[in-house]
Amino acid sequence: MNLVRAVGTRVALLVLVLLATIGAWEMSKAALGRVEAQVPPTHYKCYPIRVVKAEEKIPKQVELTNQFGKEIVQVGKAQTLCVPTEKKVLG
């Protein structure tokens, strides 16, 4: 049973990593202006995640830049994975 649980956990983690990679790739294509994004990056669906041991050292501070300017922020423990999502109003 422990083997099944361990394999299931690794598969779930792999799926989350693949979803994040696909989302980042689509957004980078749109940002570079090469291909119009199929999903507008105005809506996101977020999933709770559990962090496993990091392979690389995580920085304590990063600089974020967007349409409102630059900001230096503290990096904390990852809690969610958010992916671009298409939203349809159904009524």
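Please treat every number below as a calculation from the coordinates, not as lab data. What you see is a predicted model; the values in this text were computed from it and never measured. Positions of Cβ are generated from backbone atoms using ideal geometry, with glycine treated the same way; all protein chains shown enter the neighbour counts.
Consider a paramagnetic label point 7 Å from the Cα of residue 21 along Cα→Cβ; state which residues of the range 64-91 have an amide N under 20 Å from it.
Label zone hits: 80-85.
Using per-residue counts of other Cβ atoms within 10 Å, averaged over each peptide, order 79-85, 59-65, 46-52 from highest down.
Top to bottom by mean Cβ count within 10 Å: 79-85, 46-52, 59-65.
Add +1 for every Lys or Arg and -1 for every Asp or Glu among the other residues with Cβ under 13 Å from the Cβ of residue 16, and state the total.
Result for the local shell: +3.
How much length is gained on full extension from residue 81 to residue 44, taking 0.36 nm per residue of separation minus their Cα-Cα distance?
Additional length available on full extension: 12.4 nm.
Label residue 71 and residue 10 with points 7 Å out from Cα along Cα→Cβ: what is the distance between them in nm?
3.9
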